[in-house]
Amino acid sequence: MIIKFFDYSGEFCTRRTTPGLLELKETLRRELGKGTFVILSLEGVKIITPSYIDELLPILMIELGKEKVLGQIKFEPKLNKYVEGQIERGYRARVPVIP
Amino acid sequence: MDGVIFIEDYFDQIINKEVVPILINPTDIDIYELFQTQKIRSQEFLIVLDELLFNSEEHGQRPINLYLKKSFGSLVVAIEDFGQGIHTTLPCNQRLSDIKGKKSSSILRLSLEEGITGTGQVGRGLGLFYLSEFVLEKSAECLVASDSGLVIQSAQIFYERALAADICRNLIVIKVLADRIGL
């Protein structure tokens, strides 16, 4: 399955508050939950930022499992290194600390 | 193109209103188009500016001013807002309560580190962290000023100093060699 960021948030996927981000997260949650392999297409997107991706993937990784999520998605084309790095950073920051 | 400019000189010029902003209250589209017209080809730089703009929109008070100057093989960009100072928001983070009472410049220095934000909420305030990363990677320079403190990062070296008076704004100046951003 191909999911286009553009269809949800347009050319500028920049803010945690960008319209369409919640809907995109919901769609992704549903499809990943079903075990669907998802190609996340950046076609038509001019900017995607760490803040935007932080609000999307790390949260799903916590909910569904890191390996499951990362094993079921592929970005096309590849993400910028800051944005890609934020996926792991955002996940690490959200992992519950065991006392 | 003018003569060589030093990051602190540009800071002084902004404070003394000797330069005018190229954009006022810019949007994502404005910044993207500015990069296109200036032929800046660095996705990382675009991301850093966009994240800083987002921080200013969330915590700042308008106007948000963007300055740009080309100078002998370098590009200098500054973002200014008039909201709550970084030195004020950072100690609100309960996990950083021990920084209360510290000098503004020391607090500003901390704000460039990963996960150090005013809200303490995950995923907030990424702009200053990515700014610091960008400066390190591109051997660039940045100046972050707020209240009566200032911190300068030049590649991996940090320098803090107190200002004579409260500047009543947050001001971030970035200087990078033109060839590091595809110019």
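Mind putting a number on the dipole of the range B:1-65 about its Cα centre? Charges go on the C-beta only, +1 for Lys and Arg and -1 for Asp and Glu, and I need it in Debye to the nearest 20. Kindly include the intermediate steps, with their values, before the conclusion.
On the way: 4 positive and 13 negative charges, 36 e Å.
My answer is approximately 180 debye.
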*asked:* Please report the net charge: other residues with Cβ closer than 14 Å to the Cβ of A:Leu64, K and R +1, D and E -1.
replied: +3
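Report the GluC sites (Glu not before Pro) located in the range A:31-99 that are in a DSSP loop and have at most 11 other Cβ atoms inside 10 Å of their Cβ, or state none. Provide the component values of the computation, followed by the final result.
Working: sites: A:Glu31, A:Glu43, A:Glu55, A:Glu63, A:Glu67, A:Glu84, A:Glu88; in loops: A:Glu43, A:Glu55.
Passing sites in the range A:31-99 are A:Glu43.
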*Any chance you could check the Cα centroid distance between the range A:37-69 and the range B:143-168 for me, in angstrom?*
35
*Quick one: which residues, 5 or more positions from B:Ile64 or on another chain, have an amide H under 5 Å from its amide H? H modelled 1.01 Å from N in the peptide plane, none for Pro or chain starts.*
B:Asn25
*asked:* Is the C-alpha gyration tensor of the range A:2-94 telling us rounded, prolate or oblate? Criteria: a/c under 1.5 is rounded; beyond that, a/b larger than b/c is prolate, otherwise oblate.
replied: rounded
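For A:Ile2 and A:Leu64, compute 0.36 nm times the residue count separating them, minus their Cα-Cα distance, and round to one decimal in nm. Can you show the working numbers first?
On the way: separation 62, 0.36 × 62 = 22.32 nm, distance 1.96 nm.
Full extension of this stretch gives 20.4 nm more.
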*Using the eigenvalues of the Cα gyration tensor, what equivalent ellipsoid semi-axes result for the range B:7-181 when each is taken as the square root of five times the eigenvalue, whole Å, largest first?*
24, 17, 16
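Which of the chymotrypsin sites (Phe, Trp or Tyr not before Pro) found in the range A:12-93 are in a DSSP loop and have at most 16 neighbouring Cβ atoms, other than their own, within 10 Å? Each step should come with its number before you reach the end.
Working: sites: A:Phe12, A:Phe37, A:Tyr52, A:Phe75, A:Tyr82, A:Tyr91; in loops: A:Phe37.
Within the range A:12-93, the qualifying chymotrypsin sites (Phe, Trp or Tyr not before Pro) (loop, at most 16 other Cβ atoms within 10 Å) are A:Phe37.
If the limit is 32 Å between Cα atoms, which of A:Lys25/B:Lys175; A:Lys66/B:Lys175; B:Lys17/B:Lys102; A:Lys4/B:Lys175; B:Lys39/B:Lys102 go over it? Each step should come with its number before you reach the end.
Values: A:Lys25/B:Lys175 37 Å; A:Lys66/B:Lys175 38 Å; B:Lys17/B:Lys102 29 Å; A:Lys4/B:Lys175 35 Å; B:Lys39/B:Lys102 41 Å.
Over 32 Å apart, Cα to Cα: A:Lys25/B:Lys175; A:Lys66/B:Lys175; A:Lys4/B:Lys175; B:Lys39/B:Lys102.
Every number in this text was worked out from the coordinates using simple rules, so none of it is lab data. Note that the structure is a prediction, hence the values are computed from the model and not measured. When we count neighbours, we look across all protein chains shown, and the Cβ atoms used for this are built from the backbone with ideal geometry, even at glycine.
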